[in-house]
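Working notes, beginning with the structure itself.
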Amino acid sequence: MGGWRDPRLREANAKSFKLAIDTCLNEQVDFVLIAGDLFNTAVPAIDSLRIVVEQLKRINDADIPVYFIAGSHDFSPSGKTMLDVIEQAGLGINVAQGEELSNGRFTLKFTVDPKTKIKITGMIGKKGGLETGYYCYLAKEQLEKEPGPKIFMFHSAIAELKPKELEHMDAMACSMMPAGFDYYAGGHVHIVDKTSVEQYKNIVYPGPVFPNSFSELEKLGKGNMVIVEDWNIRNILLVIHPVISISVDADNKSVSEANKLLKEAIANKDLNNAIVTVRLQGCLTQGRPADISWNDLLHQAYAKKAYAVLHNTNALNSKELQITMVKETNVEELESRLLQEHANQFKLSQDDIELARKLMHLLSSERADGERVTDFESRMHAEMDSLTK
């Protein structure tokens with residue numbers, strides 16, 4: 001929750017989360033597992049927190065326990081995380097609990113679900129996959145000896161389930177986890193997949209409740225969750241809005257030709273109530289990427305009743321943009337040189353160049369530890385306003 005800045009997509013995300021809770025209630029599940037990243041940040045915005053609390057209360061009122069672990073987004077090195085507040089409010093139980101052993105290793109404790117008697121434990125996730133270091137000190141043998149049905153929750157990339165497009169992502173072998181569990185509830189990697197490897201049965205990534213990026217909207221198109229019954233896994237699609245993905249190749253085209261292709265592509269689609277992604281790629285022979293008439297195209301899409309429209313030009317460039325040989329090693333020197341070299345192309349005055357340099361420096365600022373997202377954004381907006389006055 002809270003991963004999108006666009007208010008329409010934040011609303012769609014919230015609806016998808018509510019649909020997931022509706023599904024749990026309609027299916028009369030025994031309990032719910034959340035394998036990390038319930039929120040996009042350790043200290044989420046009030047609107048995201050309010051929606052989550054409302055929905056978890058519905059589950060709690062139906063006497064359905066919620067078991068969770070912290071993920072790489074909602075874990076904080078400072079220890080400040082809203083998950084603690086949710087647990088204190090009685091709306092969920094953190095199952096990533098352990099204790100240090102005398103030999104320098106540590107073990108995990110089991111949380112026993114009172115209705116099913118299934119034993120649940122898990123490991124937190126950390127940014128950059130740093131949690132994998134913890135597994136080296138985990139006394140797996142104690143967990144493996146525990147009798148009865150049991151579930152292990154994890155928030156890491158597993159090598160055996162890593163898709164090709166994520167081949168450069170750090171991942172650990174499933175053998176790092178304790179063997180012999182009946183189910184492995186995975187988070188972190190936004191894919192919908194499952195596998196079993198020897199003593200590791202039912203390693204499952206349920207995917208995100210709602211796609212969290214442009215590429216995820218293109219690839220997944222919808223949210224997903226899983227229902228597990230007698231250890232059989234059933235995918236549940238969470239469809240709030242249809243996703244229409246449009247891709248246009250502008251290679252060896254002028255800006256006017258690219259605009260025409262985009263207009264035709266939008267005209268040929270039924271966009272009613274749809275989230276629309278528009279990807280433009282290639283090398284323009286005339287004009288610059290900034291010359292694409294996005295406002296006109298957005299107006300055209302919304303006139304066809306589109307719910308939300310996103311565009312991506314990461315793979316679009318132009319022959320008019322000169323190639324720059326990079327020699328400087330200092331980032332500020334490199335930025336200054338690039339601004340000076342391209343000043344004529346973009347009709348920049350010296351005042352414009354100075355403003356651009358200050359804005360780039362400001363936009364490289366990071367959020368302070370413990371600073372709320374909304375406060376960080378407000379601070380950034382205020383500082384940008386002061387620069388542009």
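The values are calculated or read from the model by the stated rules, or taken from the named source; none is laboratory data. Just so it is clear, the structure is predicted and the values come from calculations on it, not from any experiment. Cβ placement follows ideal geometry from the backbone for every residue including glycine, while neighbour counts extend to all protein chains displayed.
When the stretch 281-294 is limited to residues that are in a helix (DSSP H, G or I) and modelled with pLDDT under 90, the one that is farthest from the chain's Cα centre (by Cα) turns out to be Asp291.
Among the residues here, Tyr205 qualifies as among the hydroxyl-bearing types (Ser, Thr, Tyr), under 27 Å from Val112 (Cβ atoms) and surrounded by 21 or more Cβ atoms within 10 Å (Cβ to Cβ). Please go through the stretch 25-45 and give me each residue that is surrounded by fewer than 22 Cβ atoms within 10 Å (Cβ to Cβ), over 17 Å from the mean Cα position of the chain (by Cα) and touching a residue at least 12 places away in the same chain (Cβ under 8 Å), ordered by number. Answer for the stretch 25-45, where residues must be surrounded by fewer than 22 Cβ atoms within 10 Å (Cβ to Cβ), over 17 Å from the mean Cα position of the chain (by Cα) and touching a residue at least 12 places away in the same chain (Cβ under 8 Å): Leu25, Glu27, Val29, Asp30, Phe31, Val32. The set of residues in the stretch 278-311 being more than 17 Å from Ala250 (Cβ to Cβ), hydroxyl-bearing (Ser, Thr, Tyr) and surrounded by fewer than 17 Cβ atoms within 10 Å (Cβ to Cβ) consists of Tyr302 alone.
Considering each of Asn259, Asn232, Asn268, Asn272 in turn, give the residue that is surrounded by 15 or more Cβ atoms within 10 Å (Cβ to Cβ) and among the polar types (S, T, N, Q). I'd like the intermediate steps shown before the answer.
Values: Asn232 fails: surrounded by 15 or more Cβ atoms within 10 Å (Cβ to Cβ); Asn268 fails: surrounded by 15 or more Cβ atoms within 10 Å (Cβ to Cβ); Asn272 fails: surrounded by 15 or more Cβ atoms within 10 Å (Cβ to Cβ).
Testing whether each residue is surrounded by 15 or more Cβ atoms within 10 Å (Cβ to Cβ) and among the polar types (S, T, N, Q) leaves just Asn259.
Only one entry in Thr107, Thr111 is touching a helix residue (DSSP H, G or I) at 6+ places or on another chain (Cβ under 8 Å), polar (S, T, N, Q) and more than 22 Å from Gly3 (Cβ to Cβ), namely Thr107.
Can you find even one residue in the stretch 251-264 that is over 28 Å from the mean Cα position of the chain (by Cα), under 30 Å from Lys150 (Cα atoms) and without any contact (Cβ under 8 Å) to a residue 40 or more places away in the chain? No, every residue in the stretch 251-264 fails to be over 28 Å from the mean Cα position of the chain (by Cα), under 30 Å from Lys150 (Cα atoms) and without any contact (Cβ under 8 Å) to a residue 40 or more places away in the chain.
Against the numbered list (1) surrounded by 21 or more Cβ atoms within 10 Å (Cβ to Cβ); (2) in contact with a strand residue (DSSP E or B) (Cβ under 7 Å, 6 or more places away or on another chain); (3) farther than 29 Å from Leu238 by Cα, Cys174 comes up short only at (3). Grab the helices (runs of 4 or more DSSP H) fully contained in the stretch 53-152, keeping just those with 1 or more residues being assigned by TED's automatic domain parsing to the domain that holds Tyr184 and at pLDDT 90 or above. Ranges flagged: 82-88, 140-145. Would you please name the residue that is nearest to Leu9 (Cα to Cα), looking only at residues in the stretch 195-240 that are over 16 Å from the mean Cα position of the chain (by Cα) and among the aromatic types (Phe, Trp, Tyr)? Per the stated criteria, the residue is Trp231. You will find that of Ala368, Ala382, the residue that is exposed (fewer than 13 other Cβ atoms within 10 Å of the Cβ), modelled with pLDDT of 80 or more and either at negative phi or not assigned by TED's automatic domain parsing to the domain that holds Arg288 (or both) is Ala382 and no other. Could you check the stretch 237-280 and list, in sequence order, the residues that are of a type in the set (Lys, Arg) and in a loop (DSSP other than H, G, I, E, B)? Answer for the stretch 237-280, where residues must be of a type in the set (Lys, Arg) and in a loop (DSSP other than H, G, I, E, B): Lys253, Lys269.
Could you tell me how many of the residues in the stretch 56-98 are out of contact with any Asp or Glu (no Cβ under 9 Å at 6 or more places or on another chain), among the acidic types (Asp, Glu) and touching a residue at least 24 places away in the same chain (Cβ under 8 Å)?
First, pick out the residues of the stretch 56-98 that are out of contact with any Asp or Glu (no Cβ under 9 Å at 6 or more places or on another chain): 56-57, 59-63, 66, 69, 79, 84-92, 95-98.
Remaining after also requiring among the acidic types (Asp, Glu): 61, 63, 84, 87.
So of that shortlist, the ones also touching a residue at least 24 places away in the same chain (Cβ under 8 Å) come out as none.
So the answer is 0.
Within the stretch 100-121, residues that are under 20 Å from Ala62 (Cα atoms) and of a type outside the set (S, T, N, Q) reach partners that are part of a loop (DSSP other than H, G, I, E, B) and at pLDDT 85 or above with beta carbons closer than 6 Å, at six or more positions or on different chains, in the pairs Asp113/Phe31; Lys115/Asp30; Ile118/Pro149. What do you reckon, is Arg234 assigned by TED's automatic domain parsing to the domain that holds Leu297 and either in contact (Cβ under 8 Å) with a residue 24 or more places away in the chain or in a strand (DSSP E or B) (or both)? No; evaluated as a whole, the condition is false for this residue. Of all residues in the stretch 170-185, those being within 22 Å of the chain's Cα centre (by Cα) and at pLDDT below 95 number 3.
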